[in-house]
Amino acid sequence: MPHISIKLYPGRSEQQKVRFVEQIVKDAMSILESSEDSISVAIEEINPEDWVETVYKPEILNNPEKLYKKPGHNPLE
């Protein structure tokens, strides 16, 4: 624990993704008092044309109580 799942548009380099995950792991270790061995991180790239149906509606719009940071946009408007 924890497992962190990240969904983003394609286009970031492998180096950017690795650096992002390294920073997330450092912060998780510090804030959650977890060991590095207990943390896993997955990155899933979602095409922009699939974002609303794959991510926005099921994970953001329909689950506001789970969001600790809400987006500043609404792709449905």
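Rule-based calculations on the coordinates, nothing more; no lab input. Just so you know, these numbers come straight off a predicted model, no measurement behind them. Methodologically, a virtual Cβ is constructed for each residue, glycine included, from the backbone with ideal geometry; neighbour enumeration extends over all protein chains shown.
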- Query: Rg to Rh ratio, the chain, alpha-carbon atoms and Kirkwood radius?
  - Reply: 1.00
- DSSP-assigned coil residues among chymotrypsin sites (Phe, Trp or Tyr not before Pro) in the chain, each with at most 12 further Cβ atoms within 10 Å: Y68
- So for the pair V41, E14, with labels modelled 7 Å out along Cα→Cβ, what separation do we get in nm? 1.7 nm
- Give the total of Lys-Lys pairs in the range 3-66 with Cα-Cα distances below 15 Å; include a pair only if its members are 8 or more places apart or on different chains. 4
- Item | Nearest 10 degrees, 0 to 90: helix 14-32 Cα axis against the chain principal axis | 70 degrees
- Query: Summing -39500 (n - 2.57) over the DSSP H runs of n ≥ 4 in the chain and dividing by its residue number, what mean residue ellipticity at 222 nm do you reach, to the nearest 500 deg cm²/dmol?
  - Reply: -8500 deg cm²/dmol
- Site I6, offset 7 angstrom along Cα→Cβ, radius 13 Å on amide nitrogen, limited to the range 42-77, gives 42-46
- Item | Amide H contacts under 5 Å for K7, placed H, 5+ residues apart | E44
